[in-house]
């Protein structure tokens with residue numbers, strides 16, 4: 001039980017030890033711990049962010065796929081409609097063409113028939129004149145009676 | 001103690017209470033005397049603490065902070081984190097001193113106290129072998145050792161009180177509590193009373209801080225010394241009788257039990273010393 005120089009020495013050693021801990025031990029260890037804490041927090045945040053981004057990318061991809069599918073459906077529909085239209089158009093064009101050809105043929109037939117009738121009339125007229133000439137037994141000048149023959153022919 | 005010359009109980013206990021000094025100390029206070037053993041073990045334990053923690057600190061800085069801590073580093077970080085929590089629980093300001101100081105005190109005092117768990121005669125006998133008459137291995141059973149800590153803390157308290165509050169603020173803290181009055185004259189009467197009360201409280205801090213630690217560890221050491229007395233009287237001759245064996249078994253069991261209990265005490269005492277230091281310095285920093 002005594003107080004001596006050891007007290008002073010002890011205080012000096014203690015002061016140096018405090019200074020050393022303050023300078024070289026505490027800030028380094030705590031700093032490294034806090035840095036690690038920060039990194040772990042960052043890593044966790046990055047993982048969360050990555051997960052969130054993945055989820056977003058997935059929904060984005062899904063919507064793009066759906067849109068593409070919709071568009072492909074629309075294109076197919078349109079193509080089918082267009083094909084139908086083309087078939088219809090071709091049908092109606094063909095019908096019209098047929099009609100046209102038919103009417104032209106009918107016209108031609110009508111024309112031929114009226115021409116044949118005309119010839120027939122004329123021939124009948126000539127035969128009638130020849131018959132009349134035979135009946136009258138005299139020469140009838142065809143030129144003189146041409147008007148008459150035509151008149152007769154028109155009456156037949 | 002050499003078995004050839006068995007000491008008496010008084011001699012044995014006296015031997016364990018005597019420091020290794022440059023010369024015998026008669027008066028209570030004599031600053032020309034120095035306890036070599038306390039200084040040696042204090043410095044040794046300081047180097048042990050500072051060295052091991054410094055190696056961990058350097059490794060923490062050198063190795064990227066992203067790597068996981070391993071082995072001793074985990075242990076050190078556990079202590080550092082725990083001390084940091086203790087400081088933050090009590091002190092809410094910013095200080096570069098308090099936390100490192102708390103860590104230093106806890107580890108150093110713990111190591112002081114831990115010396116108590118070494119077999120009481122191990123190091124003194126080795127020292128006797130190389131010609132040193134006395135050796136006390138536990139620095140916290142030396143009044144110089146514990147007062148060296150508490151007075152340094154006390155000086156830091158005074159320094160920070162002056163620094164944070166100014167001389168007048170510090171003086172006001174010592175004289176305007178616990179009694180105060182709105183009336184100036186009544187207050188003037190209270191000032192001396194307050195000063196006496198507060199000053200005694202203030203002065204009592206380093207004393208109680210040091211003596212609490214000293215008392216606990218000294219008592220623990222005395223128990224170990226007294227348990228050693230169980231087999232002291234018979235020496236090796238005791239091993240020839242059944243009662244001698246019984247005594248040795250009793251000593252082993254009791255010493256083990258006390259070691260386990262003392263392990264708790266040395267930790268608690270180091271913890272109390274640290275917490276009180278934090279509280280005192282926090283009080284020095286904060287206004288009331």
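The values are calculated or read from the model by the stated rules, or taken from the named source; none is laboratory data. These figures come from a predicted structure and were not determined experimentally. All Cβ positions, even for glycine, are placed from backbone atoms using ideal geometry, and neighbour counts span all protein chains on display.
Return yes when residue A:42 is modelled with pLDDT of 95 or more and surrounded by 10 or more Cβ atoms within 10 Å (Cβ to Cβ) and no when it is not.
no
Residues of region B:164-185 being without any contact (Cβ under 8 Å) to a residue 60 or more places away in the chain and surrounded by 12 or more Cβ atoms within 10 Å (Cβ to Cβ), which ones?
B:170, B:171, B:172, B:174, B:175, B:176, B:179, B:180, B:181
Kindly indicate the residue of region B:227-243 that is surrounded by 15 or more Cβ atoms within 10 Å (Cβ to Cβ) and in a helix (DSSP H, G or I) and also farthest from the chain's Cα centre (by Cα) among those meeting that condition.
Checking each candidate, the answer is B:238.
Output the residues belonging to region B:238-274 that are in contact (Cβ under 8 Å) with a residue 40 or more places away in the chain and more than 30 Å from residue A:18 (Cβ to Cβ).
Across region B:238-274, the qualifying residue is only B:259.
Tell me the residue from A:148, A:135 that is surrounded by fewer than 10 Cβ atoms within 10 Å (Cβ to Cβ) and either part of a helix (DSSP H, G or I) or in contact (Cβ under 8 Å) with a residue 60 or more places away in the chain (or both), please.
A:135
Which pairs do you get when a residue that is within 10 Å of another protein chain (Cβ to nearest Cβ), found in region B:73-87, comes within reach of a residue that is buried (at least 18 other Cβ atoms within 10 Å of the Cβ) and not in a helix (DSSP H, G or I), reach meaning Cβ atoms under 9 angstrom, with the pair 6+ apart or on two chains?
What qualifies is B:76/B:69; B:77/B:69.
Restricting the first residue to region A:20-39 and requiring it to be within 7 Å of chain B (Cβ to nearest Cβ) and closer than 16 Å to residue B:79 by Cβ, which pairs with a second residue that is surrounded by fewer than 16 Cβ atoms within 10 Å (Cβ to Cβ) and at pLDDT 90 or above meet a Cβ separation below 9 Å and a spacing of at least six or different chains?
Correct list of pairs: A:30/B:81; A:33/B:81.
Which condition breaks for residue B:196 when tested against (1) assigned to a helix (DSSP H, G or I); (2) touching a residue at least 60 places away in the same chain (Cβ under 8 Å)?
Failing condition for residue B:196: (2).
Does any residue of region B:216-223 turn out to be within 19 Å of residue B:125 (Cβ to Cβ) and surrounded by fewer than 15 Cβ atoms within 10 Å (Cβ to Cβ)?
Scanning region B:216-223, I find no residue that is within 19 Å of residue B:125 (Cβ to Cβ) and surrounded by fewer than 15 Cβ atoms within 10 Å (Cβ to Cβ), so the answer is no.
For region B:31-68: of the residues being at the interface with another protein chain (Cβ under 8 Å from one of its Cβ atoms) and in contact (Cβ under 8 Å) with a residue 24 or more places away in the chain, which is surrounded by the fewest Cβ atoms within 10 Å (Cβ to Cβ)?
B:49
Yes or no: region B:13-21 includes at least one residue that is assigned to a helix (DSSP H, G or I), over 25 Å from residue B:108 (Cα atoms), out of contact with any helix residue (DSSP H, G or I) (no Cβ under 8 Å at 6 or more places or on another chain) and at pLDDT 85 or above.
So far as region B:13-21 goes, yes, one or more of its residues are assigned to a helix (DSSP H, G or I), over 25 Å from residue B:108 (Cα atoms), out of contact with any helix residue (DSSP H, G or I) (no Cβ under 8 Å at 6 or more places or on another chain) and at pLDDT 85 or above.
Kindly establish whether residue B:218 is within 14 Å of chain A (Cβ to nearest Cβ) and at pLDDT 90 or above.
Answer is yes for this residue.
Scanning region B:130-156 for residues that are facing chain A (nearest Cβ under 9 Å) and over 14 Å from the mean Cα position of the chain (by Cα), which turns out nearest to residue B:29 (Cα to Cα)?
Step by step, filter region B:130-156, then rank; the result is B:155.
How many residues does region B:107-123 hold that are surrounded by 23 or more Cβ atoms within 10 Å (Cβ to Cβ) and more than 10 Å from chain A (Cβ to nearest Cβ)?
Looking only at that region, the number is 4.
Surrounded by fewer than 14 Cβ atoms within 10 Å (Cβ to Cβ) and under 24 Å from residue B:279 (Cβ atoms): which single residue out of B:94, B:104 fits that description?
Sole residue among the options that is surrounded by fewer than 14 Cβ atoms within 10 Å (Cβ to Cβ) and under 24 Å from residue B:279 (Cβ atoms): B:94.
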